[in-house]
Each structure stands twice: as C-alpha cells, then as structure tokens.
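The structure appears right after this line, and notes come after that.
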Amino acid sequence: MSTQVVFQRHSINSRHLLGRGIGASGTPDTTPTVFVVDSDVSVRRSLKVLIGREGWRGETFASAHAFLGHPRTVVPTCLVLNVSLSDINGLDLQRRVAAERPDMPIIFIADQVDIPTTVQAMKAGAIEFFTKPLLHGVLVTAIREGIERSRSALGYEAELQQLRDRYSSLSHRELQVMTLVVLGRLNKEAGAELGISEVTVKAHRGRVMKKMQAESLAELVKMSERLSGATSNLGVGRVDCFAVA
C-alpha cells in the first residue's frame, strides 16, 4: 500500500545549475537533492522515504537555522518548506533562499489554509503551496518540476560563468576594443578614439573574437549584453568593458 501523508493543492504558479557534487567513488554525483524543513518529525520521515523512492537524495531539517547551516549543494535541488517554523518565519526564509540560493525552487506546505500567506509566498516565487493532508503523487510532481527548474538555472549559471572566464582573460586594451566594437564603431573610428592604428585595432579585435569564442559580431554583441545584464541583476553595476576611459 502506498503511504499517504499528503497535501491538498492550494494554488499553482510557475517560475527558473547543472551542478556537480563528488560521490564516494570520486566521480561526479549529479543526484538531485530535496530539502525538507518541517518541525514535525513524522512529516520529515515520511517525506524522506518518499523522496528516496523517487531516486532523489533527501535532507531533512527541524528548523530554518539547521537548514541554513548546511553547505550549499551544487546539484539540482528543491526545498519543501513548512511556512510555520519555530525559529524563522517560512516567508523570511524564502527571502533568504531567493537571495542566497536562487537556483533552489521552493514548495510550501502548511497545516491550515491561510490565503494572505499563500498569496505572499506565490508572489515571492514559490512554485506550489499545499495544505495538509498532502497527496504524495501531487507533491512528487511539484518536486520534479522544481528539480527541472533548478537544473535549468544551474546550466544557465554554468554557461554564464564560462562567459565570465573568457571575458576576464581579455587584456585592458582588448576590453577597450571590445567595448567600442559592440557599440558599432568601425576599426578606423575605434583606432581614432583609442589613439592607435586601424591595423592594431583589427589585431585586437581578432584576439577578442578568439578569446570570447564569438563566431560573429552579432554573437559578440549578445555576449556583452548577457554579461552586462547578469552583472546589473546582481545590483553591482555594468561590467567594466563598457567604460573606455
């Protein structure tokens, strides 16, 4: 007989690292991890069994502080979080997770219906909000969706990091040339602005394209926009290649 602890679906809203851990054999371990934070030991035990049956790794915590003390996992993840905790309010923990672990989707569970809390959680990005008792099949579907979102986010971040690494390999002059090139300057115009010959600009431009692994000017422009957008989203301003002086 299948175990049923479960939750009644309250509302649905959808929103978005191939990460790698190292297994006991020393090989990359990409098994998704599902975290459960709930003060009820019976819920933690039941959900850990359920998670294991699906082939995922389950990590359970009785408090928000215990969860926050766990090292960040670099594999696809999902957090099943009780909105009512003994130490930190579930919504406050959601804000911290969103800021510190944006690749970790959250599924809320609650002992009773609370519409204002549900709305607040969903607006802040929760993918589901369930009230007990929970139906395991519905919960598993939500967790699977969360894991896929996490996987996509990790993949995106890995690609962005590769782009950052290529960008940081550029010399100061190459950065200046890249800036002017993506702004649409011709080699002659860029040379005049930088006080170097057109031939020198062309040489730097060729190295920029090679280091950035850009097949065309259009692709280089997209790369610079992606770098600028990612940096701005972190609230630290634009990447410095956009300053020629």
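The values are calculated or read from the model by the stated rules, or taken from the named source; none is laboratory data. The shown structure was predicted, so the numbers you read here are calculated from the model rather than taken from an experiment. Ideal geometry is used to build each Cβ from the backbone, glycine not excepted, and the neighbour counts take in all protein chains shown.
Observations on the structure shown:
- Neighbours by Cβ (under 9 Å, 6+ apart or cross-chain): first from the range 106-118, in the same structural domain as V80 (by TED's automatic domain parsing) and among the charged types (D, E, K, R); second surrounded by 16 or more Cβ atoms within 10 Å (Cβ to Cβ) and in a strand (DSSP E or B): D111/N82; D111/T131; D114/T131
- Applying the set (1) of a type in the set (S, T, Y); (2) surrounded by 14 or more Cβ atoms within 10 Å (Cβ to Cβ); (3) within 23 Å of E145 (Cα to Cα) to T31 leaves exactly one unmet item: (2).
- Single residue of the range 97-123 satisfying the filter (among the acidic types (D, E) and out of contact with any Leu (no Cβ under 8 Å at 6 or more places or on another chain)) that is surrounded by the fewest Cβ atoms within 10 Å (Cβ to Cβ): E100
- Inside the range 163-184, residues that are assigned to a loop (DSSP other than H, G, I, E, B) and over 28 Å from the mean Cα position of the chain (by Cα) make up a count of 3.
- Just one of the listed residues (R149, R173) is surrounded by fewer than 21 Cβ atoms within 10 Å (Cβ to Cβ), in contact with a His (Cβ under 7 Å, 6 or more places away or on another chain) and assigned by TED's automatic domain parsing to the domain that holds R226, and it is R173.
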